[in-house]
Amino acid sequence: MKISYHLAVLLAATAMPAHARAAATIGTTDAAVRYDVRFPHPEHHEARISVTYRDLADGPVTFRMARSSPGRYALHEFAKNVYSVSAVDGAGKALPVLRDNPYGWRVVGHDGTVTLTYTLYGDRGDGTYAQIDPTHAHLNMPATFMWATGYDDRPIRVTFHPADPDWKIATQLPPLPSAKNSFRAPNLQYFMDSPTELSDFQLRSWKVRGQGRDYTIRLAVHSEDDAATVDAFAKKVRKVIAQHFKLFGGPPDYDFGTYTFIADYMPQISGDGMEHRNSTMISQPRSLRAADFAQIDTLSHEFTHAWNVERLRPAGLEPFDFTRANPTPSLWFAEGFTQYYGPLLIRRAGERSVDDYLETLGSTLSYVVNAPGRLYGSPQEMSLRAPFVDAATAIDPVNGNIFTSYYPYGAVVALALDLTLRQRYDLTLDDYMRHMWRRNGRAQNDYAPVSPYSPEDLQAGLAELTDDPAFAARFFDRSVRNSALPDFAPLLAQAGLTLRRRNPDKGWLGADRLAESDGIVRLDAIPAPKSPLYEAGLDRGDAIISIDGQSIDSVETWDRTLANVRPGASIHVVYSNRSGRHSADLTAMPDPTLTIVRNEMTGKPLSTKQLAFRTAWLGPTTDDR
């Protein structure tokens, strides 16, 4: 059903519970922090922003830009995009603005009121940054708004002045009915966690039933797609998020009665997804139609975060500190288990065939099982490396072999736990997630979890669910605090699935990434440890001159030369590195890439018991879906 944005706002407001209605006065008092946002030059990617604080304490007041953002785990120096900063007091008198560090501005001599005004430049549209142009203003709040330190608990109101009369506003911030294009937040934490899109988006909304009340789900799509395509996408979204509600036992208590998908699918946007408490920002530089609705993958992942991360939340992320990186050893669960459920719930909704799902699952499993990073650390260790890899930038080369992403790493741990619980306890990972939700997630207070969890809580929850503390301790000791994984073949066989090598007759040297320039082919990554190229001493940047006498002048030539190499074959490689020209004799290894296929595809029998197991896990199928 298509309804106007203003009607959606009205429906959300009338659905507020008592505590939210009581909060409806947020932002209406003189003590509220007031932001005003204008876009005088959208073609130059600029916004002009003012913020007013009243009833300030005596002495200088420091304004800051964030260095980190909710949902991100590395540093992002947002202050670099702020300039033309000025300030006045309550009487309009100009005030000195002093800059003595890269992240802050100090205002002195005020009369208890300060209005700070600045220009923001933004031209990266994703979940982390801001993008302003004539088609939209895509605002992640920490990348956009300064704040005065020491006043974080004050209510906030923000007023937007759209650059185009057709622009509407999509945000999880509740509106101020008495002021056009004005919204409110209970405090700085909630405000900074509330991304906002101004554009001529298409809105779809519908109601879902929660515990004793209705909530409104809003899908705001900014794209070049026609209405019928957006309708088709909304239909898929409704089917998929119904599986999320089934997993967790219904929607969480959306604080102001709504949950908003802010979806940007424009050519100038960057692909991303970023979860927030009552909304998510998802983006891709292709239209829905051009991507064949592939955006549902990101949407499903981010919506899982409405429970897992936003309310069932690691202690290291609550409250969020915008001045530093926010590390936690639990990203293998917060992100990894979410990574497991994103595609699984699409499959259960019938929006992906079993074979397509297994292709994705097999690739994830193959990556983690063969990842050299597992030799260097556990899922917890990889979680703590997040500040160095989560969209972090550095100019010095790093050893890519020492890191295995906590997204697929955690997803494979989730797969292992799910299949083991089904095998040993007649339980499922769904049961574990619901138990942790009740234990550490469902109880909320002042827009934050009452009991954010530690790694010890995750282990204790597994012990409580299985009534087997020894199993929980063993699983966490082996596969969370250390890097051991179970034998997946018998676990998958319960579902009539076969784990096998994708290319059993293909030889492999250990070079998965190559770069080609001016007829020279170079290794573009350090070869995998213990691979033939690694043991022979080749490294990133080395040029491959020839293989068995065949000159290598393109990646295509490399692929063609190695296409018929079998495991165990001897290969003579001539290469050059920083010390000159060299040669080496290698022995090709079997290609380690794994895949998961249905028994029916291999000629193996499929028992009634295996089919029942598969259906209970992956959902019912119609033909190959």
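Things to note:
- In this structure the amide hydrogen of W508, modeled in the peptide plane, comes within under 5 Å of the amide hydrogens of M589, D591, none closer than 5 places in sequence on its chain.
- Amide H contacts of L538 (H built 1.01 Å from N, under 5 Å, at least 5 apart or other chain): none
- Dividing the C-alpha radius of gyration of the stretch 5-199 by 2.2 N^0.38 Å, with N its residue count, gives 1.00.
- Burial order of peptide ranges 420-431, 347-358 (average beta-carbon count within 10 Å, highest first): 347-358, 420-431
- Assuming charge only on the beta carbon of Lys and Arg (+1) and of Asp and Glu (-1), the dipole of the stretch 339-410 about its Cα centre is about 160 debye to the nearest 20.
- For the stretch 501-625: rounded, prolate or oblate by the Cα gyration tensor [a/c cutoff 1.5]: prolate
- Label separation (D539 vs Y121): 3.7 nm, computed from points 7 Å beyond Cα along the C-beta direction.
- Cα-based helix-to-principal-axis angle, 608-618 vs the chain, degrees rounded to 10: 30 degrees
- For the stretch 215-360, the C-alpha radius of gyration divided by 2.2 N^0.38 Å, with N the number of residues, is 1.05.
- Summing Cβ point charges (Lys, Arg +1; Asp, Glu -1) relative to the Cα centre of the stretch 204-318 gives a dipole of roughly 520 debye.
- P(r) histogram, all alpha-carbon pairs of the chain included - 10 Å bins from 0, percent: 3, 15, 23, 24, 19, 11, 5, 1, 0
- The peptide list 546-557, 167-178, put in order of mean Cβ contacts within 10 Å with the highest first, becomes 167-178, 546-557.
- Alpha carbon centroid spacing (whole Å) that separates the stretch 585-605 from the stretch 306-340: 36 Å
- Contact order normalised by residue count of the stretch 5-199, Cα under 8 Å, 6+ apart, percent: 25 percent
- Shown in residue order for the stretch 429-436 are the 3J(HN,Hα) couplings computed by the Karplus curve 6.51 cos²θ - 1.76 cosθ + 1.60 at θ = phi - 60°: 5, 4, 4, 5, 5, 5, 5, 5 Hz (x for Gly and Pro).
- Stretch gain in nm, segment A569-A179, where the contour uses 0.36 nm per residue and the Cα spacing is subtracted: 132.9 nm
- The chain: angle of helix 406-424 to the longest principal axis, Cα-based, in degrees nearest 10: 70 degrees
- Residue-averaged [θ]222 nm for the chain, counting only DSSP H segments that reach four residues, each worth -39500 (n - 2.57): -8000 deg cm²/dmol
- Dipole of the chain [Lys/Arg +1, Asp/Glu -1 at C-beta], most positive-end residue of A143, G373, L317: L317
- The stretch 563-587 residues near the modelled S546 label - backbone nitrogen below 17 Å, point 7 Å along Cα→Cβ: 571-577, 581-586
- For the peptides 101-111, 603-613, 328-338, the ranking by packing is 328-338, 101-111, 603-613, with the highest mean count of neighbouring Cβ atoms within 10 Å listed first.
- HN-Hα J in Hz across the stretch 505-517 - Karplus 6.51, -1.76, 1.60, θ = phi - 60°, x for Gly and Pro: 9, 9, x, 9, 10, x, 9, 9, 9, 10, 10, 10, 7
- Separation of alpha-carbon centers, the stretch 217-235 and the stretch 73-139, rounded to whole Å: 34 Å
- For the stretch 498-517 and the stretch 399-428, distance of Cα centres in Å: 23 Å
- Among the listed pairs K168/K235; K239/K604; K168/K207; K207/K246; K180/K236, a Cα-Cα separation exceeding 25 Å is found for K239/K604; K180/K236.
- Semi-axes of the equivalent ellipsoid of the stretch 48-104 are 25, 13, 11 Å, computed as sqrt(5λ) over the eigenvalues of the C-alpha gyration tensor in descending order.
- Dipole orientation for the stretch 325-425: of the candidates T393, Y340, T420, T420 has the Cα lying most toward the positive pole (charges on Cβ; Lys, Arg +1; Asp, Glu -1).
- Cα gyration tensor, the stretch 188-278 - rounded (a/c under 1.5), prolate or oblate: oblate
- Between helix 227-248 and the chain there is an angle of about 80 degrees, using the helix long axis and the longest principal axis of the Cα atoms.
- Distance between the 7 Å Cα→Cβ label points at V389 and S363: 1.8 nm.
- Shape category assigned to the stretch 138-206 from the gyration tensor of Cα positions, a/c cut at 1.5: prolate
- Placing +1 on the Cβ of every Lys and Arg and -1 on the Cβ of every Asp and Glu, with nothing else charged, gives the stretch 395-510 a dipole about its Cα centre of roughly 420 debye.
- Only one residue of V61, A495, W167 has its Cα farthest out toward the positive end of the dipole of the chain, where Lys and Arg carry +1 and Asp and Glu -1 on Cβ, and that residue is A495.
Each reported figure results from applying straightforward, stated rules to the coordinates on display, with no laboratory input. Predicted model, so just to flag it, every value in this text is computed and none were measured. Counting neighbours? That spans all protein chains shown, and the Cβs are built from the backbone with ideal geometry, glycine included.
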